Every structure is written in structure tokens, then in C-alpha cells.
Amino acid sequence: MKYILYFLVSFFTLNAFAADITVEMLNKRSDGQIMVYSEDISRIKVGDTITWVPTTKGHNIHFLAGPEGWEVPKKSKMSKEYSYKFEIPGIYFYQCTPHKGMGMIALVVVGGDISNKDVIAKVKVVAKSKKKLPELLDQL
Ligand SMILES: [Cu+2]
């Protein structure tokens, strides 16, 4: 019994500050925007995990940029749920492969660190996203 208690205490202590956040991939959002993620900007803490949920088919997430020291950009399979735990502070940029020209882009800001804002601003985006990316960065 004593060991179980130790286990529970250490488990909850280690995970006390890590959160699980859900971002949906949507055909239409409550504000009327089409082909978007439920969050344009996710502000999370170091160690938090985001799970992207395909509420409708035909979307994915593809990371094009992140902070220095981050690994190879990741791409999820189409219409599949995907989770990622963010360990490095900074801004991350991702988009939906089929709808990248329709403004289906989003940012993740980890640990309130926006020091790589200039790098994100240089990411090559297309069509409608060319207007949306600077707008998102202005909100940081
Ligand atoms: Cu999409």
C-alpha cells in the first residue's frame, strides 16, 4: 500500500505541469472560417502534448519550421490523429498539405518564447496563407 502511494505521488508530481491539448482539423469553424484548425495559435508550456484530431477527413499537419535544435519537420498521415510532445521552447509553424493555400496554417508557441519569430516569418507559404501568417505573427 505504501509503495502504491509513493507511485501515485511521484506520478502526479512529475505530470503536474504537463497538459494534453486537443486541436481539431476542421472543414468549418464556429467563427465561419473554412479549412482551418480549431486554434490558429496554441500557447502551451514546455512538456505539453498537442493531439490533432481529424474531425473531418482530408486534413493533416506538416511542420515546416520550429526553434533551433528541433528535429526534422514532421508530417502526419492524411486524416489521422497525431500527437506531439513539445520539449523545446519557441514558435512552431505547421500547415495542412491540401489546404495550405486556403490559409490552413497555425502556430504553436511553447514556453512563451517568440525569439525565432523572424525565422518563422521567412517560411514560404502560398496564396491565402501569405496574408494570414503575418497576421498570426502580429498577435504574438
Ligand atoms: Cu486541411
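The values are calculated or read from the model by the stated rules, or taken from the named source; none is laboratory data. Here the structure is a predicted model, which is why all the values come from computation and not from measurement. Reconstructed Cβ throughout: ideal geometry from the backbone, glycine too, with neighbour counts over all protein chains shown.
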Residues of the stretch 61-93 classified as more than 16 Å from the ligand (Cβ to nearest atom) and touching a residue at least 24 places away in the same chain (Cβ under 8 Å), total: 14
So MET25 ticks every box in (1) closer than 24 Å to LYS122 by Cβ; (2) in contact with a His (Cβ under 7 Å, 6 or more places away or on another chain) but one. Which box is left unticked? (1)
Across the stretch 111-135, which residue is nearest to GLN33 (Cα to Cα) among those that are in contact (Cβ under 8 Å) with a residue 24 or more places away in the chain and of a type in the set (Gly, Ala, Ser)? SER129
What are the residue pairs meeting all of these: first residue in the stretch 94-110, first residue at pLDDT 95 or above, second residue part of a helix (DSSP H, G or I) and within 10 Å of the ligand (Cβ to nearest atom), Cβ atoms under 9 Å, and 6 or more apart or on different chains? CYS96/MET102
Just a yes or no: is a residue in the stretch 97-118 out of contact with any His (no Cβ under 8 Å at 6 or more places or on another chain) and among the polar types (S, T, N, Q)? yes
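Just for the stretch 45-60: of the residues that are touching a residue at least 60 places away in the same chain (Cβ under 8 Å) and of a type outside the set (Val, Ile, Thr), which one is nearest to the ligand (Cβ to nearest atom)?
Step one: list which residues in the stretch 45-60 are touching a residue at least 60 places away in the same chain (Cβ under 8 Å), which gives 45-46, 48.
Remaining after also requiring of a type outside the set (Val, Ile, Thr): 45, 48.
Working: LYS45: 27, ASP48: 23 Å.
Checking each candidate, the answer is ASP48.
Of the residues LEU140, LEU133, only one is under 15 Å from the mean Cα position of the chain (by Cα), over 16 Å from VAL46 (Cβ atoms), part of a loop (DSSP other than H, G, I, E, B) and away from the ligand (no atom under 14 Å from the Cβ); which? Steps first, please.
Details: LEU133 fails: part of a loop (DSSP other than H, G, I, E, B).
None of the others qualify; the one that does is LEU140.
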I'm checking my understanding of the structure. Among residues of the stretch 96-130 that are surrounded by fewer than 19 Cβ atoms within 10 Å (Cβ to Cβ) and in a helix (DSSP H, G or I), which one is farthest from the ligand (Cβ to nearest atom)? ASP118
Hits in the stretch 27-44 (condition: within 16 Å of the ligand (Cβ to nearest atom) and closer than 27 Å to ASN116 by Cα): MET35, VAL36, TYR37, SER38, GLU39, ASP40
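If a residue must be closer than 17 Å to ILE120 by Cα and among the hydrophobic types (A, V, I, L, M, F, W, C), how many such residues does the stretch 30-66 contain?
Residues of the stretch 30-66 that are closer than 17 Å to ILE120 by Cα, as a first pass: 40-43, 61-66.
Okay, now just the ones that are also among the hydrophobic types (A, V, I, L, M, F, W, C), so 41, 61, 63-65.
Residues meeting the conditions: 5.
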